[in-house]
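Scroll down for the structure; my scribbles are underneath it.
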Amino acid sequence: MASSDTIIAIASGAAAGGVGILRLSGPLSASIARGLGCPALRPRHAHYARFRDAAGEAIDDGIALYFPGPRSFTGEDVVELQGHGSPVVLRQLLARCIELGARQARAGEFSERAFLNGKLDLAQAEAIADLIAAGDVRAARAARRSLDGVFSRRVEDVAEWLVRLRIHVEAAIDFADEPLDTLGGAQVRAGVEQARDSLACLLADAERGRKLRDGLHAVLIGPPNAGKSSLLNALAGSERAIVTDIAGTTRDTLRETIRIDGLELELVDTAGLREGGDAIEREGMRRARAEMQRADLAIVVLDARDPDAGRQAIGDAAAQAARQLWILNKCDLLPQWPQQLDEDVIAISAASGQGLEQLHARLRELAGDGAGEGQQGEFSARLRHVQALVRAAAHLDDADAQLRHEQLELAAEELRLAHDALGEITGRMTADDLLGRIFSSFCIGK
Ligand code: GDP
Ligand code: ZN
């Protein structure tokens, strides 16, 4: 599926640096390099060259590298030009290459071509973007493993198993008058059971990989004046949110991303929840509920002096989140520090900092399932992958139910749908518009 046009982009980012890299991919790559003044390029050799404009004036000098397809990143002819990392020089070189017949690449277009030419599957291509965006060593390692195909291979293993089951079930359909059991029905059902187990395990690992990539999405919630903004500031270590003692001050949602031992937590400080209130406060409450539905964790901040009143004010909002952590704040104002609380109830003082260490420890556990260093074989994943795995699991459940009722055709169809859902992860079965959305979120030059 070779592309007819040749694309170019600055691959080394927009900022100035010692070395800047331009990357060309497509049939004209080598001839454009010649047009710039490069000597005849030997494959996979470094050539020193002076890069010249149309008038023969030197724009820069540097190194040219030629990787003929298919042994290149994109699978097409690729040329890399390394010059000085000046944005002005790089833009001049880019413009000259466009004069010579290249076209400015869209975001993610190099990776897209690598995918279309079978150099990478879709999950691997996405791992490139995740590796580049990784915020810490653990996330980078996980993305690196996905790029190496660790995640894709596990998806393919389940997919292959499903192929075998489909063959078995579809063969049995041809003997429709025989009962399934005489056709090895017990074996098929055991096979479906095994596929469900592997998928459940894969889903749990992918969910962990998604959290590594996206961070734990935590939302702070609580009645006015409980100390949400103070806690946000204490965790973030800055004066990000405005702290006042007038109830209902925090009307907008403020976002703060903090890192604890390499794990990312997004805190959204929402308007104090209060039934009634003015229109702005009610809008804040509506937003708080919406935020909760997207949250992995609701951090509920209560005034330790009257937690029950706070709990009432929140109503069911915190229950919208997947998980809750209860914070008793202002414990410094109690005659005595609370003793023996549940692991998901933590006593703190945002003002003095007491109890924050314990809160950090608990957040770390919740975010990483306790895996501080990252486990062997840990890979990165995206929400899209998790959703596809969930769909595959649901179709497998349905296949299982249909087999129990000897509905072989329906079971075969569910197995096919489960198989297709897995295919979306690696790109074996992916609609073009989805591909467009995935690659357009990459940065230019990748
Ligand atoms: P929010 O409305 O929930 O965001 O509450 P704020 O963070 O704005 O805090 C309300 C008031 O409580 C402010 O005057 C804070 O200084 C005070 N406050 C917050 N946390 C504590 C605490 O742990 N101890 C004490 N004594 N006061 C606190
Ligand atoms: Zn506040």
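The values are calculated or read from the model by the stated rules, or taken from the named source; none is laboratory data. Because the structure is a prediction, the values reported are computed rather than measured. A quick note on method: Cβ atoms are made from the backbone with ideal geometry, for glycine too, and the neighbour counts reach across all protein chains shown.
Mind checking which residues of segment 350-365 are away from ligand 2 (no atom under 16 Å from the Cβ) and not acidic (D, E)?
S352, G353, Q354, G355, L356, Q358, L359, H360, A361, R362, L363, R364
Among the residues of this structure, L202 does not count as one that is within 16 Å of ligand 2 (Cβ to nearest atom) and either within 20 Å of A321 (Cα to Cα) or assigned to a helix (DSSP H, G or I) (or both). Please give the number of the condition G310 fails out of (1) part of a helix (DSSP H, G or I); (2) away from ligand 2 (no atom under 16 Å from the Cβ). Among (1) part of a helix (DSSP H, G or I); (2) away from ligand 2 (no atom under 16 Å from the Cβ), G310 violates only (2). Could you tell me whether A318 is closer than 19 Å to L216 by Cα and within 16 Å of ligand 1 (Cβ to nearest atom)? For A318, the condition - closer than 19 Å to L216 by Cα and within 16 Å of ligand 1 (Cβ to nearest atom) - is met. Annotation: S230 fulfils all but one of (1) more than 13 Å from ligand 1 (Cβ to nearest atom); (2) over 22 Å from G149 (Cα atoms); (3) of a type in the set (G, A, S); (4) at pLDDT 85 or above; the unmet one is (1).
Selection of segment 285-311 for residues being farther than 25 Å from D214 by Cα and among the β-branched types (V, I, T) yields an empty set. Of all positions in segment 22-33, none carries a residue that is surrounded by fewer than 22 Cβ atoms within 10 Å (Cβ to Cβ), under 14 Å from G83 (Cβ atoms) and under 32 Å from the mean Cα position of the chain (by Cα). Looking across I128, I167, I132, one residue alone is within 18 Å of the chain's Cα centre (by Cα), over 13 Å from F439 (Cα atoms) and in a helix (DSSP H, G or I). It is I132. In this structure, L220 qualifies as under 30 Å from A347 (Cα atoms), modelled with pLDDT of 85 or more, within 24 Å of the chain's Cα centre (by Cα) and within 13 Å of ligand 2 (Cβ to nearest atom). State whether the residues of segment 3-13 include one that is surrounded by fewer than 16 Cβ atoms within 10 Å (Cβ to Cβ), under 29 Å from the mean Cα position of the chain (by Cα) and polar (S, T, N, Q). Scanning segment 3-13 turns up no residue that is surrounded by fewer than 16 Cβ atoms within 10 Å (Cβ to Cβ), under 29 Å from the mean Cα position of the chain (by Cα) and polar (S, T, N, Q).
Every test in (1) modelled with pLDDT of 95 or more; (2) of a type in the set (S, T, Y); (3) surrounded by 15 or more Cβ atoms within 10 Å (Cβ to Cβ) is passed by Y48 save one, and that test is (3).
Return the residue satisfying two criteria in turn: it lies in segment 328-354 and is part of a loop (DSSP other than H, G, I, E, B) and within 33 Å of the chain's Cα centre (by Cα), and of such residues it is nearest to A298 (Cα to Cα).
D344
Considering each of A143, A139, A134 in turn, give the residue that is over 26 Å from L396 (Cβ atoms), at pLDDT below 90 and surrounded by 22 or more Cβ atoms within 10 Å (Cβ to Cβ). It is A139. Considering only segment 355-377, state which residues are at pLDDT 90 or above and either in contact with a Cys (Cβ under 8 Å, 6 or more places away or on another chain) or in a loop (DSSP other than H, G, I, E, B) (or both). Correct list: G355 only.
A single member of A54, A64, A127 is touching a helix residue (DSSP H, G or I) at 6+ places or on another chain (Cβ under 7 Å) and closer than 30 Å to R382 by Cβ, and it is A127. Under the condition of being crowded, with 17+ Cβ neighbours inside 10 Å and either within 16 Å of ligand 2 (Cβ to nearest atom) or over 18 Å from G222 (Cα atoms) (or both), the residues counted in segment 325-348 number 4.
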